[in-house]
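A.B. asks: Starting off with a structure, shown below.
The numbers here are math on the coordinates, done by the rules we state, and not lab data. Since the model is a prediction, treat every value here as computed from it, not as a measurement. Quick reminder, even Gly has a Cβ in these numbers, built from the backbone with ideal geometry, and neighbours come from all protein chains shown.
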Amino acid sequence: MSLNDKMLKIIREISKDDILKTIASDNYRSIVYIHVENPVEFEYGPPIDSADIPDGVKEYLKSRGIERFLKYQWEAYQLIKSGNDTVIVSGTGTGKTEAFILPIISRIVKDGGIAVLIYPTKALARDQYIRIRQYVEKAGLTVEVYDGDTPEDVRKRIYSNPPNILITNPDMLHYALMYVDKFKNMLPNVKFVVLDDFHMYEGVFGTHVHYVLRRFSRFCKDVQYIATSATIGNPEEFSKMIFGRDCKIVKGIVGRRGIVKHILIKSKRPKIREVVELVKIFCKFGKRGIVFADSHRLVELIKKHLDKEGLDRKTAVHRAGLTREERAEIEDKFRKGEIMFIIATPTLEIGIDIGHVDVAIMATVPPSYIRYLQRSGRVGRRGQVSYVIQILGNDPISSYFETYPEEFFNRNPEPLHIDPRNVELAKMHILAMCEDAPIKLSELDDFEYSVAMDLVDEGLLKIVHGKYLYLTDRGRKVVSRLKSLRGMGDRIEIVIKIGSKEKKIGERELPIAIRELFPNAIYLHGGRIYKVEKLDINLRRAYVVRLPEDTNYITSPLYTSIPRIDRVIESGKILGIPYQYVELTINEIVEGYVLKDMYSSRIISEEYLDEEISYEFKTKGLVLYFPLITFSKIEPLDYLERAKAYHAVEHALITAAQISIGAGQTDLGGISYPTGEIVIYDGYLGGSGLCRQLMYKLRETIEIAYKIVKNCKCFDGCPKCIYSPYCGNNNKYLSRRNAVKVFEAILRGAESSERELPVGTKAYV
């Protein structure tokens, strides 16, 4: 679409919408693009009376105005009734719950058994309990929630008289498998396992869930798996990764009942100020909505600015760190219309129904298109005209979509991946499996057997009678540290001293912890500001002190990373660039830090630590061997220009990966050498599967990275193209123009070859 065509489309949409007229009338903002999502016609299947479900359930459906199945619901009903493992992919608010709960009820009424419904969070599980209970009780069946907040008397009832439907979360399953024998005694009666919001199980969390299900299946042999999601790019492949089985795929509805207007906005104001102005406009028109931001700090700052504008009673914050009761109260007030806008971290991204939502304002660009679809899916669920506002900033991703706005909406949901062969994570779950029940060597596959033998060598497991694996005392202590499925378990505790006592106020996962908790680091936690006095890497403890609320500076680490290739898993060549997918050891070393103004990011000073902080970990990554480009005939000068070139290429590739594979800003790490070697690695112990995904999308990622550096109008590098807030070199030794030359050489067909990583050479991160 030409620029004139884009402008005409924007003008036409504005002319027929009073809200858009008001938004466009402000000279401090411009509308970059408008994408109108028109309503879709839902295809219907047979009447509800065709189904073999209890009369009470049919009457309840009819009382809600549901007389017929949707076409995809009927397909899912038949597949699940027939015993097929099934994945249902359909848009938000299109009845996925009914698609799986109705056939499950039908089967349980007829044959008995238990269905375990797994939701990624406690909050979502309890929200869905209210909805599920309506169906279950109308069928004469029982349902309970089983999580960390379940009272002891309810737990006893669950163990002694198991419900037909048990609603829980992966963390609770992990805990109960290890420590609750009465829970394990129920499991032979489990016939169904449902994973709702299936897209949430990617990366490290998904690998954990894969192993929890592997452990769970030891106690219930004939379980049927069901999963649902509104957004997933590779349901066949991903379900096999999680479940270890092929599943039938039901593709449902893509779209909504009402018109949704998606608007890309560029503002001359600071982002927080722009959010406030937009909220004021929508409140004036009587519209209710959610503001999404990706950090606690940004959410709290937006709320403070809204309060100053007199909107304190009409707005509320919804984020992790609030109690369940506090979040529930906010949700209830929003449903009743007492609150007009909720400012939320991704806590409201997944299926919690908070009622009538007219608008979603994205203060930050979501880390993946799937996440954008989930957040935008909160609006228009009642069929009303609704709005999704994406505010573009001064970062590379925003700049890219400002130049290519059609691409923002022409993307497909990213394919999702996990890494079941993450050795570090597999070790923890094989230890946990032994805590669940002793393991027969014969029940392990080749990979699991190899990992188990390593654990025997480490003294964490022992072989009994030549065929059983048991935990040693050391092994039991190690596995007790696996308390969360959201990471790898290796964490730094954050401790504050109060008089002579010490109080733990939080924790941060390694390796990123050493970049946030080095001595003198400023650490924001729970709306408060702390300074790190001491980091004891061996004890895994950071000691902090509270700073005054008016502290207005922050710190960024100066660090380097030294890679070592342990094993080449796969290799190939694309666009003349050889690549290797490898197992790596990364030694990360924090050398100092940059002191910056909290609000303007102005650099105050650079400081160096008295003693470097280092942490070594194993992960997986890609090694790319770029052609050696010459920038000067004078070798010392050419060396510096090459350093700037490949460092900028590395930054651009990691940024482009946010578009091509949906990687978050801190999910990938990067290392570059002036000799043309670039290492990009998973930022999680053992690997997350993202770099394997990047390998599959390498050509697309390179092409996007080239567009990012080519189209920027800066002289030779800026925050809109190659600067990164996570650069360990404080964004020094970077050249946008040199990166353009490297990419253009590749795209012209320049060839390169594999070589040894230059050990001992200065690397840039």
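A.B. asks: Would you kindly derive the ³J(HN,Hα) couplings of the range 402-412 from the backbone phi angles with the Karplus curve 6.51 cos²θ - 1.76 cosθ + 1.60 (θ = phi - 60°), listing them in order in whole Hz, with x for Gly and Pro?
C.D. replies: 5, 7, 10, x, 4, 5, 4, 9, 8, 6, 9
A.B. asks: On to the next question. What is the local net charge at Val145, summed over the other residues whose Cβ is closer than 11 Å to its Cβ (Lys, Arg +1; Asp, Glu -1)? Mind showing how you got there, number by number?
C.D. replies: Details: positive: Lys122, Arg126, Arg133, Arg155; negative: Asp127, Glu144, Asp147, Asp149.
Surrounding charge for Val145 is 0.
A.B. asks: Kindly write out, for the range 251-260 in residue order, the coupling ³J(HN,Hα) from the Karplus curve 6.51 cos²θ - 1.76 cosθ + 1.60 (θ = phi - 60°), rounded to whole Hz, with x marking Gly and Pro.
C.D. replies: Coupling constants for the range 251-260: 9, x, 9, 10, x, 9, 6, x, 6, 10 Hz.
A.B. asks: Using only helices, what value at 222 nm comes out for the chain when you add -39,500 (n - 2.57) per DSSP H run of length 4 or more and divide by the total residues, to the nearest 500 deg cm²/dmol? Please report the intermediate quantities before stating the final value.
C.D. replies: Values: 24 runs with 275 residues, N = 765.
Taking each H run of at least 4 residues, the total per residue is -11000 deg cm²/dmol.
A.B. asks: State the cysteines of the chain left without a partner when partners are defined as other cysteines whose beta carbon lies under 4.7 Å away.
C.D. replies: Cys220, Cys247, Cys283, Cys434, Cys691, Cys727
A.B. asks: Just to verify a number: FRET efficiency for Leu8 and Phe42, C-beta to C-beta distance, R0 = 30 Å, to 0.05?
C.D. replies: Values: r = 32 Å, r/R0 = 1.06.
The formula returns an efficiency of 0.40 here.
A.B. asks: Next up: Which of the GluC sites (Glu not before Pro) found in the range 422-467 are loop residues per DSSP with 15 or fewer other Cβ atoms within 10 Å of their Cβ? Intermediate results must be reported in sequence, preceding the final value.
C.D. replies: Working: sites: Glu424, Glu435, Glu443, Glu448, Glu458; in loops: Glu458.
Those satisfying the criteria are Glu458.
A.B. asks: Beyond 25 Å between alpha-carbons counts as too far, so tell me which of Lys287/Lys333; Lys191/Lys427; Lys81/Lys138; Lys122/Lys266; Lys534/Lys620 fall in that bin. Mind dumping the intermediate values first?
C.D. replies: Numbers: Lys287/Lys333 15 Å; Lys191/Lys427 28 Å; Lys81/Lys138 19 Å; Lys122/Lys266 37 Å; Lys534/Lys620 30 Å.
Flagged as over cut-off: Lys191/Lys427; Lys122/Lys266; Lys534/Lys620.
A.B. asks: Tally the DSSP beta bridges in the chain and give the antiparallel ones as a percent, rounded to 5. Present the calculation step by step, with values, prior to reporting the outcome.
C.D. replies: Values: 82 of 134 bridges.
Approximately 60 percent, going by the DSSP bridge assignments.
A.B. asks: Would you tally the net charge around Asp395, using a Cβ to Cβ cut-off of less than 13 Å, leaving Asp395 out, and scoring K and R as +1, D and E as -1?
C.D. replies: Working: positive: Lys266, Lys271, Lys720; negative: Asp294, Glu402.
Local charge sum for Asp395: +1.
A.B. asks: Tell me, in nm to one decimal, what length is gained between Ser614 and Ile249 on full extension, where the rule is 0.36 nm per residue of separation less the Cα-Cα distance? Intermediate values should be presented prior to the final figure.
C.D. replies: Numbers: separation 365, 0.36 × 365 = 131.40 nm, distance 4.63 nm.
Difference between extended and current length: 126.8 nm.
A.B. asks: Let me ask something additional. Which ³J(HN,Hα) values in Hz, rounded to whole numbers, follow from the phi angles of the range 220-231 under the Karplus curve 6.51 cos²θ - 1.76 cosθ + 1.60, where θ = phi - 60° and Gly and Pro get x?
C.D. replies: Once rounded to whole Hz, the list reads 9, 6, 10, 6, 9, 9, 9, 9, 9, 7, 7, 9.
A.B. asks: Another one. Give me the distance in nm between label points sitting 7 Å out from Cα along the Cα-to-Cβ direction at Thr666 and Leu547, one decimal.
C.D. replies: 1.7
A.B. asks: Which ordering of Cys712, Cys283 is given by a fewest-first count of other beta-carbon atoms within 10 Å? Please report the intermediate quantities before stating the final value.
C.D. replies: Numbers: Cys712 22, Cys283 18.
The fewest-first ordering by Cβ neighbours comes to Cys283, Cys712.
A.B. asks: Turning to a different aspect of this structure: Count the net charge of all other residues whose Cβ sits under 12 Å from the Cβ of Ile671, scoring Lys and Arg as +1 and Asp and Glu as -1.
C.D. replies: Details: positive: Arg564, Lys762; negative: Glu588, Glu650, Glu677.
Once positives and negatives cancel, what remains is -1.
A.B. asks: Among (1) 97, 70, 45; (2) 84, 79, 62; (3) 95, 79, 56, only one was calculated for this model; which label is it, if the read-out is Cα extents along the principal axes in Å?
C.D. replies: Recomputing Cα extents along the principal axes in Å here picks out (2).
A.B. asks: Sticking with this one: Specify the inter-centroid distance of the range 300-340 and the range 94-108, based on alpha-carbon positions, in whole Å.
C.D. replies: 34
A.B. asks: Using Cβ counts within 10 Å as a stand-in for footprinting exposure, how do Leu558, Leu278 rank, fewest first? Please report the intermediate quantities before stating the final value.
C.D. replies: Working: Leu558 23, Leu278 26.
Least to most surrounded, the residues fall as Leu558, Leu278.
A.B. asks: Amide H of Ile249: which non-local residues (sequence gap of 5 or more, or other chain) have their own amide H closer than 5 Å, using H built in the peptide plane?
C.D. replies: Val87
A.B. asks: Oh, and also: Which order results if Arg155, Arg381 are arranged by neighbouring Cβ count within 10 Å, fewest first?
C.D. replies: Ranking Arg155, Arg381 by Cβ neighbours within 10 Å, fewest first, gives Arg155, Arg381.
A.B. asks: Which lysines have a Cα lying under 19 Å from the Cα of Lys710, excluding residues fewer than 8 positions away in the same chain?
C.D. replies: Lys644, Lys720, Lys741
A.B. asks: On to the next question. List the trypsin sites (Lys or Arg not before Pro) within the range 199-268 that fall in a DSSP loop (any state other than H, G, I, E or B) and whose Cβ has at most 14 other Cβ atoms within 10 Å.
C.D. replies: Sites meeting the loop and neighbour criteria: Lys221, Arg245, Lys268.
A.B. asks: Round to the nearest 0.05 the FRET efficiency obtained for Asp490 and Asp446 when R0 = 25 Å and r is the Cβ-Cβ distance. Before the final figure, lay out the partial values.
C.D. replies: Details: r = 26 Å, r/R0 = 1.05.
The computed FRET efficiency comes out at 0.40.
A.B. asks: A further question on this structure: Could you compute the FRET efficiency for Asp638 and Lys21, with r as their C-beta to C-beta distance and R0 at 51 Å, rounded to 0.05? Let's see the in-between values first.
C.D. replies: On the way: r = 56 Å, r/R0 = 1.10.
With R0 = 51 Å, the Cβ-Cβ based efficiency is 0.35.
A.B. asks: Taking 0.36 nm per residue of separation and subtracting the Cα-Cα distance, what length does fully extending Glu59 through Lys221 add? Don't jump to the answer; show the numbers that get you there.
C.D. replies: Details: separation 162, 0.36 × 162 = 58.32 nm, distance 3.50 nm.
That works out to 54.8 nm of additional length.
A.B. asks: Could you calculate the contour length gain from Ile66 to Asn520, that is, 0.36 nm times the residue separation minus the distance between their Cα atoms, to one decimal place in nm? Please list the in-between numbers first.
C.D. replies: Details: separation 454, 0.36 × 454 = 163.44 nm, distance 6.08 nm.
Gain in length upon complete extension: 157.4 nm.
A.B. asks: Along Cα→Cβ, 7 Å out, is where each label goes; now give me the distance between the ones at Asn538 and Glu338 in nm to one decimal.
C.D. replies: Placing both labels 7 Å beyond Cα along the Cβ direction yields 5.5 nm.
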